Amino acid sequence: MMSNLIKKIGGGLALAMYSMLAQAEYAINFPKPVTVIAGQIYDLHMITMWIIVGIAVVVYGAMFYSILKHRKSVGHKAANFHHNTMIEIVWTTIPLLILIGMAYPATKSVLAMRDSSNPDMTVKITGYQWKWEYDYQQEGFKFMSVLSTPRDQFELKGTAAKNENYLLEVDNPMVVPVGKKVRILLTANDVIHAWWVPTFGIKQDAIPGFIKDSWFKADKAGTYRGQCAELCGKDHGYMPIVVEVKEQADYDKWVAEQKSKSAAATQDTNKVYELAELKSIGEKVYATNCAGCHQAKGEGMAPVFPALDGSKMVKGPKQAQIDIVMNGKAGTAMSAFGKQLSDTDVAAVITYTRNAWGNHTGEAIQPSEIKASRK
Amino acid sequence: MEAVHDHGHEHHPSGIMRWVTTTNHKDIGTLYLFFSLIMFFFAGSLAMGIRAELFQPGLQFMQPNTFNQLTTMHGLIMVFGAIMPAFVGFANWQVPLMIGAPDMALPRLNNWSFWLLPMAAILLVGSFFVPGGAAAGGWTMYPPLFIQGGLSGDMTIFAVHILGISSILGSINIITTIMNMRAPGMTYMKMPLFVWTWFITAFLLVAVMPVLAGAVTMLLTDRHFDTHFFNAAGGGDPVMFQHIFWFFGHPEVYIMILPAFGIVSSIIPTFARKPLFGYASMVYATASIAILSFIVWAHHMYSVGMPTAAQLYFMYATMLIAVPTGVKVFNWIATMWEGSMTFETPMLFAIAFVALFTIGGFTGIVLAVVPVDIQLQDTYYVVAHFHYVLVSGSLFAIFAGAYYWLPKWTGHMYNETLGKWHFWLSMIGFNILFFPQHFLGLAGMPRRIPDYALQFADFNMISSIGGFMFGATQLLFVIVVIKCVRGGTKATAQVWEGADTLEWTIPSPAPYHTFATPPVIK
Ligand SMILES: [Cu+2]
């Protein structure tokens, strides 16, 4: 392992040198802003940096001058002064004035960024371990947004070639119209998360039990990416945010699609499925919603996340399992999936776990049973 | 008090029992320093694990949960196990010597303060081996995440309790010593700045450690007795923990830097052969920083969504701290100005401290500005910022102080060539390690993630290379220390040409008992 490491370091050095030579584009500043607020942040940061550069030139200039000239080896004799009230007053006052100068534009943009009044639309965003839910309450649909990078690209020792947007891509992005003030209401289901899109200049913690708001107004259509910014457990690094900013017409089309999709899902509830059908839907639901904790092969991660493969509950009477999946278990990471998934998805994932790996109950749980259990 | 008498042979047990039962401030200082060195290497090796995993995109060595354990325990152990005990070690050795006292005021308490530490360390290190592994919710222990953890969460909480008790006892001892045991004529405004900074630090510790203890106790009862302090469903508030934690946490930052200011303020005048510039303003600046540190805590939480007025208030208060901090930096440079400087290892580390701590101060101003912080909070920019103040700040000051006083402690000069190598390699490695992290943060890389998007790959690789270099270099320090303890050129009493505080009037190595008869201060 050590020699492997050395090889890697050596290779890394060579690679780093090479990419510097090739003048790879090293991002050394904020990404290009797409909202007015992000623009203000960009400018504030630049102003602050230039002030700092100015102060640094003076401070380091004096320091290095002194290091060069006032050394014993060049025969400099030590002076004996040890205070000077005038200069001490000066170097207390000047920084104070500079700071007051900086506080003024900063205050203005704090006031601007906190003004979430008069939005054109509102979306409620909920953080879950480890995905985001976007609830378009006014339009009447909601969906989960989960990392879509294939597992073999990021699992331990995974060798698959990585996508361009590795770890920054999701199955269902948030979609908003361009040029509209979007207010977001943030909360979380389990632990604290933070919704962050750098190009929008917005970062807001999502806190379970509280609703916090923030807003953005994207000036340019495009796809913008961000990440959860508050440590939220083991897959904190794997819950990206993707926002697609569309022209109004395209946005309207997207809304219409979402509405018909969600209507179809409600109708499904009355349908009676074959076992195989449920299993195949359930396998997908499991991969996006459950595998993070209970693992791909249901082996779990002792002692925190129990195995579902061979679990007494999963092999036993179905009601207990429906109950824990629907309502979760307070005080543990097992959350209430009844709130997150459709009846069909819950039915399918339970059916799947009861008929996958070493579990062979042969039972198919129908969406109607789940619907009934909601009462 | 028991009469102190001067005699050559002391009746104390030898071997291990000497160290277990010792009440001698020098022995206890040594224990603290070695303890912190061991913890420094343990927590440092966790950091090597972190940098190895971040060397390339993808997961090469560990699962995400293990990675989170490493970041959490690296932070906790470095703060509570390495940096803080090191400064207490310096206080034990130096405070009595610098004020002309025969020992600490409360020697038995002193012994107990130290021996609490290994117990806490066993809990922390041991937590890696319990089912589920060590705590993984970040060194800040935010609920509800922290409450989800396993047994290691409780071990961490108990460790923090023990460390807190140790710090409080140690601080009471330091305060008592400084108030009561100064040699005749040593007025407060004649105390060396190191003593002053520790005096103020000790008050900070006594004030905030109970707050931390309260916060973690509430976590404990939330975990086991359904108290719901931090659970909204039960009427609590997770953000309240953050307020309490940072009410402790921000002064804690100064607890880890004020003694460093003191060390550097002792070293620069010595090697510039010129008195410290602005002694009185240094004392006042230290005191104002300490007081301000109580009213800026929420700048760690700009993104929780406080009321706008609160955000503005915390921004102004935070910016204000830059003023006394600036005064300190200006004073150090004015001390160097027109001096007759030489550049032995302690001076090199002290100058690097001033130069690099200033960078940490600059990025601190950037982070104080609320809108900019919203963008940078919880990114690598913050990681870079606090490592500039804690590594090139606190740790470099600890190295500076160690090289400065090693001859007094051991009676031998350390190896200057090795010391310089240690300095330059640390200096270069440190900057390769942390400077690029500013860019990573600006470009949008969150902290505490085990894997990252491809655009962050180059700087991470560079940073890791710097990390391995910095890490390996620290072995040199151990070699220097061991060599110096075992032998080397005999040190004179004065050791450094420009040194003029009381510890340089006694022989090197400092005898087991010093100042049995108090010195007279003119
Ligand atoms: Cu999260």
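Only the coordinates and a few stated rules stand behind these numbers; no lab work does. Predicted model only: the values in this text are computed from it and were never measured. Backbone-built Cβ (ideal geometry, glycine too); neighbour counts: all protein chains shown.
Grab the alpha carbons of region A:121-258, take their convex hull, and tell me the volume per residue in Å³.
Details: hull volume 14.2 nm³, N = 138.
Per-residue hull volume (Cα only) is 103 Å³.
If packing is taken as the mean number of other Cβ atoms within 10 Å per residue, what is the order of B:192-204, B:62-74, A:282-294, B:176-188, highest first?
Values: B:192-204: 24.5, B:62-74: 22.2, A:282-294: 19.8, B:176-188: 16.0.
Listed from highest to lowest mean packing, they are B:192-204, B:62-74, A:282-294, B:176-188.
Dividing the helix sum by the residues of chain B, where each DSSP H run of 4 or more adds -39500 (n - 2.57), gives a mean residue ellipticity at 222 nm of -22500 deg cm²/dmol. Volume per residue of the convex hull around the Cα atoms, evaluated for region B:98-225, comes out as 110 Å³. Amide H to amide H, with H built 1.01 Å from N, A:V175 comes under 5 Å of A:E244, counting only residues 5 or more places away or on other chains. Shape class for region B:198-317: prolate, because the ratio a/c of the largest to smallest gyration tensor axis (alpha-carbon atoms, square roots of eigenvalues) is 1.5 or more and a/b beats b/c. Remark: mean inter-chain Cβ contacts per residue of B:227-239 equal 3, using a 10 Å Cβ-Cβ cutoff to other protein chain atoms. Distant-in-sequence amide contacts of A:K180, defined by a placed amide H-H separation under 5 Å and a gap of 5 or more residues or a different chain, comprise A:A218. Across the alpha-carbon set of chain A, the Rg to Rh ratio works out to 1.11, Rh being the Kirkwood radius.
Sort the following peptides by mean Cβ neighbour count (other Cβ atoms within 10 Å, averaged over residues), highest first: B:141-153, B:468-480, B:394-406. Write down the numbers at each step before the final one.
Numbers: B:141-153: 22.6, B:468-480: 17.4, B:394-406: 26.4.
So the peptides B:141-153, B:468-480, B:394-406, ranked by packing, come out B:394-406, B:141-153, B:468-480.
Near B:T489, the amide H atoms lying under 5 Å from its own belong to B:M413; only residues 5 or more places off or on other chains count, and H is placed 1.01 Å from N. Placing one equal scatterer on every Cα of chain B and applying the Debye formula, the log10 ratio I(q)/I(0) at q = 0.11 Å⁻¹ is -0.96. State which stretch of chain B is the longest one without any exposed GluC sites (Glu not before Pro), exposure meaning a DSSP loop state and at most 15 other Cβ atoms within 10 Å. After excluding every exposed loop site, the longest remaining stretch is B:11-496.
In what sequence, highest mean first, do A:110-123, B:105-118, B:426-439, B:356-369 appear when ranked by Cβ atoms within 10 angstrom?
Values: A:110-123: 15.6, B:105-118: 19.5, B:426-439: 21.1, B:356-369: 23.1.
Per-residue Cβ counts within 10 Å, averaged per peptide and sorted highest first, yield B:356-369, B:426-439, B:105-118, A:110-123.
Using only alpha carbons, region A:224-325 has a radius of gyration to Kirkwood radius ratio (Rg to Rh) of 1.06.
Shape class of region A:172-252 from the alpha-carbon gyration tensor: prolate, with a/c at 1.5 or above and a/b greater than b/c.
Taking every residue in A:195-203, how many Cβ atoms of other protein chains lie within 10 Å of its Cβ, on average?
On the way: counts 1, 8, 1, 7, 1, 1, 4, 3, 10.
The mean count of partner-chain Cβ atoms within 10 Å per residue comes to 4.
The distance separating the Cα centre of region B:58-98 from that of region B:208-225 comes to 21 Å.
From other protein chains only, count the Cβ atoms within 10 Å of every residue's Cβ in A:49-56, then give the mean.
On the way: counts 5, 0, 3, 7, 1, 0, 7, 4.
Partner Cβ neighbours, averaged per residue: 3.
Normalising by residue count, region A:290-367 has a Cα convex hull of 83 Å³ per residue. The helix-only estimate of mean residue ellipticity at 222 nm for chain A, built from DSSP H runs of length n ≥ 4 each weighted as -39500 (n - 2.57), is -14000 deg cm²/dmol after division by the residue total. With just the Cα atoms defining each centre, how far is region B:99-171 from region A:290-337? Give it in Å. Region B:99-171 and region A:290-337 have Cα centres separated by 34 Å.
How large, in Å, is the protein assembly as shown by the Kirkwood hydrodynamic radius built from its alpha-carbon pairs? Computed over the protein assembly as shown, the radius equals 29.4 Å.
The distance linking region A:91-115 with region B:451-522 is 40 Å (Cα centroid to Cα centroid, whole angstrom). Evaluating 6.51 cos²θ - 1.76 cosθ + 1.60 at θ = phi - 60° for every residue in region B:34-48, the Karplus couplings come out as 5, 4, 5, 5, 5, 5, 4, 6, 5, 5, x, 5, 4, 5, 4 Hz, glycine and proline recorded as x. Residue-wise HN-Hα couplings along region B:484-501, as the Karplus relation 6.51 cos²θ - 1.76 cosθ + 1.60 with θ = phi - 60° gives them from phi, are 5, 5, 7, x, x, 4, 5, 8, 7, 5, 6, 6, 10, 3, x, 7, 9, 8 Hz; Gly and Pro carry x.
Couplings 3J(HN,Hα) for region A:242-249, derived from phi with the Karplus relation 6.51 cos²θ - 1.76 cosθ + 1.60 (θ = phi - 60°), are 10, 10, 9, 9, 10, 4, 3, 4 Hz, where x marks Gly and Pro. Stokes-Einstein diffusion of region A:326-375 at 25 °C, 0.890 mPa s viscosity, Kirkwood radius from Cα pairs, rounded to a whole number: 213 µm²/s.
Once a ≥ b ≥ c are taken as the square roots of the eigenvalues of the Cα gyration tensor of region A:31-114, is the result rounded (a/c under 1.5), prolate (a/b larger than b/c) or oblate (a/b not larger than b/c)? Mind showing how you got there, number by number?
Numbers: a/c = 7.46, a/b = 2.26, b/c = 3.31.
The shape class here is oblate.
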